[in-house]
Each structure stands twice: as structure tokens, then as C-alpha cells.
Amino acid sequence: MPKAAQEAVVAVISRSLLWLSVLVSFTAYSATLPPDAVDILQHNYEGGGMKIDGPSILVRKSVGPQVSLTGHYYVDSVSAASVDVLARASAYEEERTEISGGVDYLHEKSILSLGYTNSSENDYEANTVYFSASQDFFGDLTSVSFAYAKGWDDVGTRGSTETDELKRQNYQLGVAQVISKSMLLGLDLEVITDEGKLENPYRRNRYIDPANSANFLYQQEVYPDTRTSTAFAVRSMYYLPYRASLKGEYRFFTDTWGIDAHTVDASYVHPLDNHWTLEAKTRFYTQGQADFYSDLFPFENSQTHLGRDKELSKFSDITFGFGINYELQQGVIPGIKRLQLSFLADYIKFDYDNFRDVTAEGSFLPGEEPLYSFSAWVTRSSLILEF
Amino acid sequence: MKLQLAKYLLMLSLSGFVLLGGSGCADIKPWVKPYERDKLADPIMSLSRHGFADTYIHHVYQARESARGAEGGTGGGCGCN
């Protein structure tokens, strides 16, 4: 086992799912093409022994009144020394690069979008194509969108030339509704299916050593070959009696691995004047464990599927975030219709209910180690120029 | 069972999407007139004000939580073309 090989749940899940978020961003408009823009982001994540940062540059340019092209470049530079890494190996560094291209076509009150994304790193390659359509109804009070994406991933392992396949499909349906002069409502349904190599090739689960019950041994993770998940969210935005907005949302999630999850999110945006805006948010997430998860299995191969990823355990997290935003409108800078400069910071605290910290100092019997918890800071510095 | 229900809802919604697109819904009067949408058009009412920075934070959660999907971003704003 190469020592630089352990932190893959973060990597495997994130690299294969980022395209979903990109897809969402492309469907985020009603029947008006977005303006020509350059969107530059410097992101930073630090917590639980992980440091991830890098740039993102997205460029959008219209070609005539009906077509808009996008190109996107994104980098994750990872320095990993998490509890999963330190339990069995040494810290390591790696980089993931993602490149996307897309085209949006406006026809009357509809927008059709088509795009491709490639994500690449030394042991994982992901390719995704997507299609989406959105249409406005009822005097443009209702916007309905549908999206479909298909992904093909090659899952490798460092030190080996062999790869495993992973196929993904994504179905997304969204409705945005104007409720009143001051209120918006959004409904989103998303079904995702995966088929192929779903376990992390670097992670291991543990079981009690049959020769010494005060010890434990590691074995390979074994996940089901398929997973289907369904998420439904309702969100609403309200313009307060003074110039400020309040947003609330709830999401329910369930999948075929037995995981149910709930997310509640609330945020508040408060302009100070025509240029400066402050915002604050809080978010709470809780999930149950996967059917095949255990922090400590009783003996080797004790069941068909075996998983000890902490992301499959029962846990919750809470986020507190704040942001400051500076905006210039047309006429201030020649050639630029709008400038938006933002700094956003989020503090996230994770508390695990049945995942134990095997790196904790002290002498513990297997299964009696302290429960794991960690906190993280996420910062985003963003510059958006519209032309 | 939950999955079958979700797929049924998805197909039902898609059917409605196609039917609505065909009819044009010309008889329905908008209850919020275009000139009444100034508050909705305010940038502070956008569901995704920060561009890719909003997408990125979904990425942060997807990597550390099992839940995925329905992060939103659909719509927002005034719909005043």
C-alpha cells in the first residue's frame, strides 16, 4: 500500500460529484441568457487535518442573441493528514484538475443547455456529459427545469495500472415559483444512480483480532455495486419590509444503502448601502448510518458488505457562516456593467455518533476509543465581472 | 418503495412539463405583474448570488456528507424577461 494513498472518501466522493453542482449552476436561470461574465474564485478548506485550496475561473460569452458559451477551469490542491490517513499511513499531497465546457441556447421562453466536464487526478478520471432544459410559464411566474447527466469514471489505485469503472446517471427536476411581490418558492427533486466501484480503494474497516480481543485488524472495504439516492428540497426566499432578504430551506435525502438525512438552512442578506452588503447563515445537517456500516466488526468478513467510512456513519454537523459583499454597477468602470467582490467564511463542526478516533492518545480497548469530531473553516474570495 | 415513489413523481412532473409546454398556458393571468417585481429583481433575492462560489460550498458538503442532490439554484429573481 503506497503511503500517499489514504484520504479518498473526500476525494472519491467530491471529484465524482462536483459536476452535479456545476450542472445546477447551469440550470439556475429562467428564460434569459446570463450576461457575459468572468467569475474568479479562490477557495480554501482547512480542518480535520485536511487543507484543500485552489483557483476557479469561469468565463461566459454570448455568440449572438440566442447562444451563450461557458468554459470553466477548477483546481483542488490537497494536503491530507486526516484521521483516516494518520490511522494507517503518512500524510500526502495531490491535485485534481477539472475542465468544463458548455453551450446554452435560448428559444422563446426556453433554454436548452449541453455540456461536458472532465475531472482528472493521478488515480481517478471522471467524464460527464449533461443536458438540461428550462421553460417559463404563467406570465413568467413559474420556471420549470429538467436536467439529465451521465458520467463515466475510471477508478484507479496508486501503484497499480488496473482501473475499475463507475457509471453515474443523474435526473434533476426543479420548479421556481413567484408566490407574491415579495416571495419566491423553489422545489427540487434529484435522483442519482451509481453503478460500479463505489468503495474507496484506500480505506479499510476494522474487526476484533480473534487471537487477542484487546487488538483489532484491518480488512478491505466491500460496498454494494449500486446505489440510488433521492433528494427532495423546498426553499423559500422572502423580501423583508425593509431592504433585506431571508431564505429558508429544508432537504430530505434517502438512498438504497439505508441512509436518511435531513438538512435545514437559513440565511439573511442585509445591504448597508448601494455598494456594501452583509450576510449571515446557519445550516444543520444530520444523517443515519448505512445498513452495512460498523465502526468495529466482530470478526473478519462478518457480513457481505463492510464499510467504516465516517461519511457512512451516524453523525451531524452545524455551520455558521458570514459574508461581506461589495458591488459596483454600470458606469463606474468603463466596459464593465457590474462588479461584485465577495469574501465568505464558514465554520463547520462535525460530531460523529458511532465513528471512533483510533488515533486518540491513550490506551483504549477496541470500540472504547473516544468518538471522533472535528471542525473546519471554509473561506471563499470571489470576483465576478459582468460585461 | 421510496425510490419507486420518487421515480413516479419524477415521471409525473416531466409529463406535466411537456403538457404545459404544449399548451402555452395562455389563459392564466399572472398575479404579480411585471411592473410589480422590483423587489424580486433585487440582487439580494437571487438564490445564487455568488456564482461558482455557491456551487463550491455544495462541493464541500458533498465530500463530507452522504446526502447529495437537490442543492437548488433553479430560478430566483423576478422572471421579468
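The values are calculated or read from the model by the stated rules, or taken from the named source; none is laboratory data. No experiment lies behind these values; they were computed from the predicted model shown. Cβ placement follows ideal geometry from the backbone for every residue including glycine, while neighbour counts extend to all protein chains displayed.
Some notes on this structure:
- So A:Thr142, is it over 30 Å from A:Phe355 (Cβ atoms), over 21 Å from the mean Cα position of the chain (by Cα) and crowded, with 18+ Cβ neighbours inside 10 Å: yes
- A:Gln289, sole failed condition from (1) in a strand (DSSP E or B); (2) within 30 Å of A:Leu217 (Cα to Cα): (1)
- Remark: A:Gly151 falls outside the filter, which requires a residue to be within 30 Å of A:Leu240 (Cβ to Cβ), in contact (Cβ under 8 Å) with a residue 40 or more places away in the chain and crowded, with 20+ Cβ neighbours inside 10 Å.
- Of residues in segment A:292-304 being buried (at least 16 other Cβ atoms within 10 Å of the Cβ) and assigned to a loop (DSSP other than H, G, I, E, B), the one farthest from the chain's Cα centre (by Cα): A:Leu296
- Enumeration of residues in segment A:195-226 that are without any contact (Cβ under 8 Å) to a residue 40 or more places away in the chain and either surrounded by 17 or more Cβ atoms within 10 Å (Cβ to Cβ) or of a type in the set (Lys, Arg) (or both): A:Leu198
- When A:Asp194 is tested against (1) at pLDDT 95 or above; (2) within 26 Å of A:Gly248 (Cα to Cα), just one condition goes unmet, and that condition is (2).
- Where A:Ala231 falls short, out of the listed (1) surrounded by fewer than 17 Cβ atoms within 10 Å (Cβ to Cβ); (2) aliphatic (A, V, I, L, M); (3) within 12 Å of chain B (Cβ to nearest Cβ): (1)
- Sole exception among (1) hydrophobic (A, V, I, L, M, F, W, C); (2) outside any helix (DSSP H, G or I); (3) modelled with pLDDT under 95 for B:Ala67, by number: (3)
Listed here are the residues, each with its yes/no results for (1) free of Cβ contacts under 8 Å to residues at least 24 places away in the same chain; (2) out of contact with any Leu (no Cβ under 8 Å at 6 or more places or on another chain).
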{"position": "A:Val155", "(1), (2)": "no, no"}
{"position": "A:Glu162", "(1), (2)": "yes, yes"}
{"position": "A:Leu187", "(1), (2)": "no, yes"}
{"position": "A:Thr193", "(1), (2)": "no, yes"}
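- Taken together, the criteria place B:Ala6 among residues that are in contact with a Phe, Trp or Tyr (Cβ under 9 Å, 6 or more places away or on another chain), closer than 16 Å to A:Phe253 by Cβ, within 7 Å of chain A (Cβ to nearest Cβ) and modelled with pLDDT under 90.
- Selection within segment A:268-305 - within 9 Å of chain B (Cβ to nearest Cβ) and charged (D, E, K, R): A:Glu279, A:Arg283
- Among the residues of segment B:26-56, those identified as in a helix (DSSP H, G or I) and more than 7 Å from chain A (Cβ to nearest Cβ) are B:Pro34, B:Tyr35, B:Asp38, B:Ala41, B:Pro43, B:Asp54.
- Enumeration of residues in segment A:156-174 that are at pLDDT 95 or above and hydrophobic (A, V, I, L, M, F, W, C): A:Leu173
- Any hit, segment A:80-101, residues being in a loop (DSSP other than H, G, I, E, B), under 28 Å from A:Leu141 (Cβ atoms) and either modelled with pLDDT under 95 or of a type in the set (Asp, Glu) (or both): no
- Checking each residue in segment A:145-174 for being more than 20 Å from the chain's Cα centre (by Cα) and under 30 Å from A:Glu93 (Cα atoms) picks out A:Gly156, A:Thr157, A:Arg158, A:Gly159, A:Ser160, A:Thr161, A:Glu162, A:Thr163, A:Asp164, A:Glu165.
- Selection status of A:Val175, away from chain B (no Cβ under 14 Å), touching a strand residue (DSSP E or B) at 6+ places or on another chain (Cβ under 7 Å) and either within 30 Å of B:Leu40 (Cα to Cα) or surrounded by 21 or more Cβ atoms within 10 Å (Cβ to Cβ) (or both): no
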